[in-house]
Amino acid sequence: MIALRCAGCAEVPAEPDALACAACGDLLAFELDTDRVHAHAIEEISRLRKASADPRDRSGVWRFRELLPPVADDAITTLREGDVPLIDAPRGASYAGVDELAYLHLGMNPTASFKDAGMTVAISHARERGARAAVCASTGNTAASMAAYAARAGMSAVVIAPVDGISAAKVAQTLDYGAHVVAVEGDFDDALRAVRALDPATVAVVNSVNPYRIEGQKTAAFVLLEQRRWETPDWVVLPGGNLGNASALGKGFREARGIGLTARLPRLAVVQAAGAAPFARAWREGRDLVPVRAETDATAIRIGAPASWKKARAEVRFSAGTVLDVTDAEIAEARAIVGRDGVGCEPASAASLAGLRKLVASGAVAPDADVVCVLTGHVLKDTAYAARYHASEAPHANAIARGIDLADYLNLVMLTRA
Ligand SMILES: [Zn+2]
């Protein structure tokens, strides 16, 4: 019902743990035979499972297990990930220039980022085949997620990280879950190269080059659609770093339509940070991606050589979508606006709102369009960034009052409502 193939030449890999095609070097991908799955069955099962106490059923990933590569029940390693909220955002809508807007907040996962939905699938499969150690290169979120799931599975976890470029909160979180952290010289792209050179038969490499990760992450599309009673939005806007998530969401929406859960596809808009935007540039110029040396304060998307760009390009093209970039200043302002709806997110996540604002301003997205912005990480993932922002002169910075008369101050606060 679901088979592993090369995403480039469709060759079937001989090794079940392979991360790249032996024939052409492209990434591998699972292919779901959508003719053999029935929409009404999936709708009914997901509805019933939401009322079940079984941890697999309470997970927004494993609730859709008929659409995932099969795994033995006793290998499933879940922290009840995936069931994230779709939250309406009136202040975000008015900032972006649309009538209505909702955030799909993937930061509301067990380790507070979108990585958990893919990690539960990758670690469960690694556990099933007896892997004793999981390894990843990371800008922080993958590290924390892998560390948590490996701990649950009783596996060792080894993180290869450019620690100077990672938020302190993410490093602390990763150490708390018991992972071994190896600091490397260079950036994420150097760390990923080192990890991809390892033999996947001896350790489980769980970066998004691992096709099981993509399978788990695609369920975010189902969770989004489920909360809208399977009504497709016009646009889904999301941040782009290594581009595994854009690939995964695109795949999820395609499969939802293939099965008949939905009638159409949303258009995907992938938003990169201007200092780490090789995909946006390749899209604009209509050519293949050329890696860059990445520089942005949105550390979760500080990636110059995105591994999944070909898959992501295929999904964006198929959805009639687009790719763009926004500056760090635009990201900082949009992040502050996300907070003003009582939601909050880490810097990279706000690229989606900043990108939407730009798309509306240019006329690419109509003000009455039905839009969902994807937020990928929780506000507490990078508190140092938030503190720096509020200590600055930025228009939405929020200073701490000191040495004031409290009664006078409260009167003033009540006069100047939010
Ligand atoms: Zn191939």
Note on residue 310: of the conditions (1) under 18 Å from residue 250 (Cα atoms); (2) in a strand (DSSP E or B); (3) open to solvent by 10 Å² or more (accessible area, probe 1.4 Å), unmet is (2)
Out of contact with any Leu (no Cβ under 7 Å at 6 or more places or on another chain), within 16 Å of the ligand (Cβ to nearest atom) and assigned to a loop (DSSP other than H, G, I, E, B) - does that describe any residue in segment 37-45?
no
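May I ask you to list the residues in segment 50-67 that are open to solvent by less than 10 Å² (accessible area, probe 1.4 Å) and under 22 Å from residue 154 (Cβ atoms)?
Taking segment 50-67 first, the residues open to solvent by less than 10 Å² (accessible area, probe 1.4 Å) are 59-64, 67.
Residues satisfying the conditions are 59, 61, 62.
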* Asked: Can we say residue 312 is of a type in the set (A, V, I, L, M) and in contact with a strand residue (DSSP E or B) (Cβ under 9 Å, 6 or more places away or on another chain)?
  -> yes
Looking at segment 46-69, is at least one residue of a type in the set (Ser, Thr, Tyr) and either outside any loop (DSSP other than H, G, I, E, B) or free of Cβ contacts under 8 Å to residues at least 12 places away in the same chain (or both)?
yes
With criteria (1) modelled with pLDDT of 90 or more; (2) away from the ligand (no atom under 12 Å from the Cβ); (3) over 22 Å from the mean Cα position of the chain (by Cα), residue 58 comes up short on (3)
May I ask you to verify whether residue 116 is open to solvent by 20 Å² or more (accessible area, probe 1.4 Å) and over 24 Å from residue 193 (Cβ atoms)?
no
Flagged in segment 372-418 as aliphatic (A, V, I, L, M), out of contact with any His (no Cβ under 6 Å at 6 or more places or on another chain) and within 30 Å of residue 143 (Cβ to Cβ), in numbering order, are 372, 374, 379, 380, 384, 386, 387, 391, 394
For segment 22-34, pairs from a residue that is free of Cβ contacts under 8 Å to residues at least 60 places away in the same chain to a residue that is aliphatic (A, V, I, L, M) and more than 7 Å from the ligand (Cβ to nearest atom), with Cβ under 8 Å and 6 or more apart or across chains, are 22/14; 31/2; 31/3; 31/4; 33/1; 33/2; 33/3
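For segment 10-19, name all the residues that are more than 8 Å from the ligand (Cβ to nearest atom) and among the aliphatic types (A, V, I, L, M).
Matches in segment 10-19: 12, 14, 18, 19.
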So the helices (runs of 4 or more DSSP H) completely within segment 317-413 holding 3 or more residues that are within 18 Å of residue 236 (Cα to Cα) and open to solvent by less than 80 Å² (accessible area, probe 1.4 Å) are 328-340, 351-361
Across (1) away from the ligand (no atom under 16 Å from the Cβ); (2) in contact with a Leu (Cβ under 9 Å, 6 or more places away or on another chain); (3) open to solvent by less than 40 Å² (accessible area, probe 1.4 Å), residue 29 clears everything bar (1)
Expected single match for part of a strand (DSSP E or B) and among the β-branched types (Val, Ile, Thr) among 271, 292 is 271
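The values are calculated or read from the model by the stated rules, or taken from the named source; none is laboratory data. What you are looking at is a predicted structure, and each value in this text was computed from that prediction instead of being measured. Ideal geometry is used to build each Cβ from the backbone, glycine not excepted, and the neighbour counts take in all protein chains shown. Note: areas computed on protein heavy atoms with side chains; ligands, DNA, RNA excluded. Shrake-Rupley method; radii C 1.70, N 1.55, O 1.52, S 1.80 Å.
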